[in-house]
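Notes for the one structure printed next.
The values are calculated or read from the model by the stated rules, or taken from the named source; none is laboratory data. The structure displayed is predicted, hence computed values, not measured ones. Note that we place each Cβ from the backbone using ideal geometry, even for glycine, and neighbour counts take in every protein chain shown. We work out accessible area using only protein heavy atoms, side chains counted, and drop any ligands, DNA or RNA first. Shrake-Rupley method; radii C 1.70, N 1.55, O 1.52, S 1.80 Å.
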Amino acid sequence: MTNPQPLESISTKLARIEQLARENPGRVFRSLNHHLDKEWMREAYRRTRKDGAVGVDGQSASEFAENLESNLQALVDALHDPGHKAPPVRRVHIPKGDGRTRPIGIPTFADKVLQRAVTMMLQALYEPLFDEHSYGFRPGRDAHDALAKLRSTVTGFEKMGDVWILEVDIRSFFDTINHGHLRSFLDERVIDGVIRRMVHKWLHAGVMEDGAVTHPSEGTPQGGVLSPLLCNVYLHHVLDCWFRTAVQGALRGRSELVRYADDFVLVFQREDDARRVWEVLPKRFAKYGLSLHPNKTRLLRFNPPNDGDGPRSDAPTKSKAPAEERTTFDLLGFTVLWKRGRGEQWSTWLQTSRDRFTRTLKKLREWTREHLHDPVKEVIKGLSKRLRGHAQYFDIRGNRRKIRLLLYEVPRMLRAQLSRRSQRGLVTWKSFNRLMDRHPLWEPGPTPTRTRRSSRL
């Protein structure tokens, strides 16, 4: 038996492919699948999360690892087998903050590894093409980087005059991606038959829900390993390139786009520019099978609170709908707001949005109810783990107050739930505090001095 190829060699191979793609931005790649060998699959397996939910076959990561070598070879064979059929994804519904649910498609673990292998290749080809203002699911970039860019853009525009924010919400984006347009976008970069055949199979894989399998004609399941990259490819052509090449040059003032996957905002220096884009944006998206939510897409003037002065822009107002004048808006789970800092200067800050805070507390309460009769030590340990995970994303400079507020609410919620464990009545604060002394909840460390980086949302 030969020794496995070092992981560094796969990384080197990816770096060379990305360099070739960067040097040839207009090249269409025809032959790539020979790189997707067993050692490539091994690296894809290493990069695949092992703690995710299982797919329709019920196979876990540990079960896949029991026969790792044969399973990896089976993936290589499946990749090159025209008769291979992609297994259906298992659909689950995740509650959203507004009472609705978000459908998530969970592939089998073997399919996750295979999707990861193809995603590694496609990411090396597309990463040099993606624009600077795109931050979602890209190496070395995260939501905090997008928010930092937004803050710096807003602050810079405000120093020169008004700031106009166009909040945009794409209705059911992942469920309405048009397969025909997506294929045409991919044709401009990669036409390797093996890779494109697998992408086609995943797009048309069945969705299992309540024991029935359906085959949607459009969309790509959220939760799939490949879906975030396809999202970036689609919006790169529909939005990013269009905004950079056709829109910004036609505007009178400065403008900026900040996008994280399908969440994005447009920032303008002039109101008339913002309204022109607001007017044409729905038509642009409709051309590619997408629609904007009419109640969640809105224009607002976003300047620091002042003494009642009107907009400073000299642009005429021509609009079917008035712009809101607000001092806050939400993006990526945070509320962006103006606040005075040192020297009484206005600057933009971030704090946990009300919806996200309420949703987090609700999830913690539901989890506690589900584990109400577990040992108290384990319940507290589980809550601490979830609080720590929440803080990894939300505990940034200026948001410690919201973290403390959550830590204020959770013990009260826990005491109320523990009081339901028996008929002996309410748990007194005295006994509860003794319990907290023995098994303390997680507490944050020193106040962060900068925005933290997160591996994923």
Between ARG244 and HIS371, the two model label points (7 Å from Cα along the beta-carbon direction) sit apart by a distance in nm of 4.5 nm
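Percent antiparallel among DSSP beta bridges with both residues in the chain, to the nearest 5? Don't skip to the end; give the middle numbers.
Values: 37 of 43 bridges.
Here the antiparallel bridges make up roughly 85 percent for the chain.
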Net dipole in debye of the chain [+1 Lys, Arg Cβ; -1 Asp, Glu Cβ; about Cα centre; nearest 20]: 1760 debye
In percent, how large is the relative contact order of the chain, given Cα pairs closer than 8 Å and 6 or more residues apart? 16 percent
Near the amide H of ILE177, under 5 Å away, which other amide H atoms are found, from residues 5 or more places off or on another chain, if H is placed in the peptide plane? GLY219, THR220
Measure off 7 Å from each Cα along the Cα-to-Cβ vector at TRP346 and ALA15, then give the distance between these two points in nanometres to one decimal. 4.7 nm
Mean Cβ count within 10 Å, highest first, over the residues of peptides 291-304, 145-158: 145-158, 291-304
Cα gyration tensor of the chain diagonalised, 5x eigenvalues square-rooted, in angstrom largest first, produces semi-axes 38, 35, 20
Amide H contacts under 5 Å for SER353, placed H, 5+ residues apart: PHE334, THR335
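Could you do me a favour and compute the accessible area per residue for the chain, 1.4 Å probe, result in Å²?
Roughly 50 Å² per residue, with all protein chains present.
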Would you kindly find the accessible area of PHE432, with a 1.4 Å probe and non-protein molecules such as ligands, DNA and RNA excluded, rounding to the nearest 10 Å²? 0 Å²
Under 12 Å from the 7 Å Cα→Cβ point of LYS159, by amide nitrogen: which residues of region 275-307? none
For region 353-416, what % of the accessible area comes from carbon and sulfur atoms, probe 1.4 Å? 46 percent
Where the centroid of each part is defined by its Cα atoms, how far is region 209-241 from region 377-406 in Å? 31 Å
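If packing is taken as the average number of other Cβ atoms within 10 Å across a peptide's residues, how do 404-410, 387-393 rank, most packed first?
On the way: 404-410: 15.0, 387-393: 17.3.
Order by mean packing, descending: 387-393, 404-410.
Can you check what the net charge comes to around GLY382, using other residues whose Cβ is under 14 Å from the Cβ of GLY382 (Lys, Arg +1; Asp, Glu -1)? Spell out each step's value before the answer.
Working: positive: LYS363, ARG365, ARG369, LYS377, LYS381, LYS385, ARG386, ARG388; negative: GLU366, GLU370, ASP374, GLU378.
Counting the neighbours of GLY382, the net charge comes to +4.
Could you tell me what percent of the accessible area of region 22-110 is made up of carbon and sulfur, with a 1.4 Å probe and every protein chain present? Don't jump to the answer; show the numbers that get you there.
Values: 2400 of 4820 Å².
That fraction is 50 percent.
Could you rank the peptides 208-218, 364-374, 253-263 by their average count of other C-beta atoms within 10 Å per residue, with the highest value first?
Ranking, from highest mean packing down: 253-263, 364-374, 208-218.
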Placing +1 on each Lys and Arg Cβ and -1 on each Asp and Glu Cβ in the chain, then taking the dipole about the Cα centre, the residue among ASN303, LEU20, PRO440 whose Cα reaches farthest towards the positive end is PRO440
Ignoring ligands, DNA and RNA, what percent of the 1.4 Å accessible area of region 172-240 is carbon and sulfur? 52 percent
